[in-house]
Amino acid sequence: MSTYAIVGAGLAGAKAAQTLREEGFTGEIVLIGAEQERPYERPPLSKGYLQGTTEVAKVYVHEPDWYAEHDVRLLLGVAVTAVDPAAHELHLATGQRQPYDKLLLATGATPRPLPVEGADLEGVHYLRTLADSQALRAAFAHQGNVVVIGGGWIGLETAAAARQAGCAVTIVEPDPAPLYRTFGPEIGEIFAALHRRHGVEVLLGASAVRLEGPGHVRTVVTSDGRSLPADDVVVGIGVAPNHELAGRAGLEVADGIVVDASLRTSHPDIYAAGDVAEAMNPLLGRRVRVEHWANALNGGPAAARAMLGQDVVYDRVPYFFTDQFELGMEFSGDIAGHDRVVYRGSAESLEFIAFWLREDRVLAGMNVNVWDVTGDIQALVRAGQRGAAVDPARLADPGVPLGDLLPR
């Protein structure tokens with residue numbers, strides 16, 4: 001009987017196990033996770049669960065009995081210390097060896113640590129796990145001073161949750177705008193203005209240089225000489241892919257575990273999916289590593305089908321979403337190489353779609369408080385990647401259905 005092992009009991013790993021069973025695999029499935037929690041989804045940790053609007057039971061991928069009912073052996077609280085591709089074995093921290101015929105690495109990513117003095121003080125938080133989110137909920141309940149270091153997605157979403165909980169919130173971001181490296185200054189300023197309207201202080205062009213306190217953080221000192229009072233600090237300065245196991249095993253790694261369009265690594269029996277995978281995307285014509293929920297949701301099943309020998313081409317349009325205060329947003333595509341941005345609707349009213357174009361071809365679209373358009377936006381992105389151009393004036397006209405802009 002064949003054994004398929006999955007290292008990483010997150011969304012990608014859990015969905016891979018589910019897909020293996022749905023596709024008729026009758027061999028042994030071993031799902032190994034370093035956390036004690038059964039697989040759960042991460043978006044609620046910085047959104048609904050952190051805000052107290054989503055029950056903890058809703059964050060899990062499956063019900064507790066699902067794994068036993070589907071004959072999936074779930075090993076929790078177990079770290080994998082090494083992969084031996086030649087022997088087709090995993091070395092576990094327990095001292096045991098786990099053989100496998102095929103292996104999926106879905107080891108995710110780890111928050112980058114804040115490289116300043118005082119970063120190890122109590123009250124300094126990162127957000128990656130359910131336990132992290134629970135600790136932040138408890139901290140925000142005190143309605144104290146919260147300093148968020150980093151104006152990316154985690155920083156903005158945790159800032160919104162803290163402010164809605166009644167905290168005094170300051171964001172410290174070294175770039176000229178939040179999300180500057182993702183979207184540039186115009187879109188970034190929309191998010192900055194949103195937070196300021198809700199009473200968040202947004203400090204741009206400044207970074208944290210030191211954290212101070214007698215055991216527990218009390219002050220964040222910034223590069224422009226400010227001393228910000230802080231009962232709690234949230235660090236959101238990006239993540240690093242957990243590709244150490246793959247690297248030590250001799251697999252090709254770069255900005256993640258390098259995989260082809262079927263999510264296969266440089267070893268024919270090992271695959272990778274989710275945040276850790278740097279995958280060749282035929283639609284974009286290059287390798288990309290996508291750190292968002294949809295990639296785990298779709299990548300795990302794609303890898304499972306490839307492990308079963310199916311002809312898999314993983315060419316999804318990158319997608320992510322956010323909810324902050326009254327702003328709900330979905331983004332589809334990749335803006336790399338764009339030469340202009342076209343708006344449909346009013347950015348000031350927070351009800352619009354922004355399109356990133358290159359030579360009048362749609363590369364990406366972001367819908368803000370405009371719903372049920374993701375399918376059309378992704379179709380425009382696919383058409384644009386294949387060379388189809390659009391009329392920018394019609395693209396900007398809300399009276400022209402997006403479907404009418406698709407090539408016939």
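Sparse packing (at most 13 other Cβ atoms within 10 Å of the Cβ) combined with a DSSP loop state is found for the following GluC sites (Glu not before Pro) in the stretch 50-148: 55. Between residue 73 and residue 326, full extension at 0.36 nm per residue minus the direct alpha carbon distance yields a gain of 86.9 nm. With a Förster radius of 56 Å applied to the beta-carbon distance between residue 315 and residue 93, the computed FRET efficiency rounds to 0.95. Solvent exposure of the chain, expressed per residue, is 41 Å² of accessible area, with all protein chains present and a 1.4 angstrom probe. Across 277, 388, 86, mean-square fluctuation computed from a Gaussian network of the chain (C-alpha pairs under 10 Å connected) peaks at 86.
Take every Cα pair under 8 Å whose residues are at least 6 apart in sequence, average their separation, divide by the length of the chain, and the relative contact order is 14 percent.
Taking the Cα centre of the stretch 1-143 as reference, the dipole from Cβ charges on Lys and Arg (+1) and Asp and Glu (-1) amounts to some 280 debye.
Only Lys, Arg, Asp and Glu carry charge here, each on its Cβ (+1 for the first two, -1 for the last two); on that basis the chain has a dipole of about 300 debye about its Cα centre.
Note on the chain: dipole from Cβ charges, positive end direction compared against 393, 312, 80; the farthest Cα belongs to 393. Subtracting the Cα-Cα distance of residue 119 and residue 23 from their residue separation scaled by 0.36 nm leaves 29.9 nm. For the stretch 89-132, the dipole from Cβ point charges (+1 on Lys and Arg, -1 on Asp and Glu) about the Cα centre works out to 260 debye, to the nearest 20. Of the residues 246, 107, 147, the one whose Cα sits farthest towards the positive end of the charge dipole of the chain is 246 (charges of +1 on Lys and Arg Cβ, -1 on Asp and Glu Cβ, taken about the Cα centre). Under a GNM of the chain (C-alpha, springs under 10 Å), which listed residue has the highest mean-square fluctuation: 185, 301, 214? Judging by the Gaussian network model, the answer is 214.
Looking at the chain, the DSSP beta bridges with both ends there are about 55 percent antiparallel. Between residue 266 and residue 182, residue separation times 0.36 nm minus the direct Cα-Cα distance comes to 27.3 nm. Please work out the FRET efficiency for the pair residue 54 and residue 216, using the Cβ-Cβ distance as r and a Förster radius of 30 Å; give the result to the nearest 0.05. In this case the efficiency is close to 0.55. Using a 7 Å offset from Cα along Cα-Cβ at residue 209, what residues in the stretch 117-137 end up with backbone N under 14 Å from the label point? Residues 117 qualify, since their backbone N sits under 14 Å from the label point. Using a Gaussian network model of the chain whose springs link C-alpha atoms within less than 10 Å, name the residue from 115, 44, 85 with the highest mean-square fluctuation. Top of the fluctuation ranking is 115.
The values are calculated or read from the model by the stated rules, or taken from the named source; none is laboratory data. Since this is a predicted model, take the numbers as computed values, not measurements. Every residue, glycine among them, receives a Cβ derived from its backbone with ideal geometry; neighbour counts consider all protein chains shown. Surface accessibility is based on the protein's heavy atoms, side chains included, excluding ligands, DNA and RNA. Shrake-Rupley method; radii C 1.70, N 1.55, O 1.52, S 1.80 Å.
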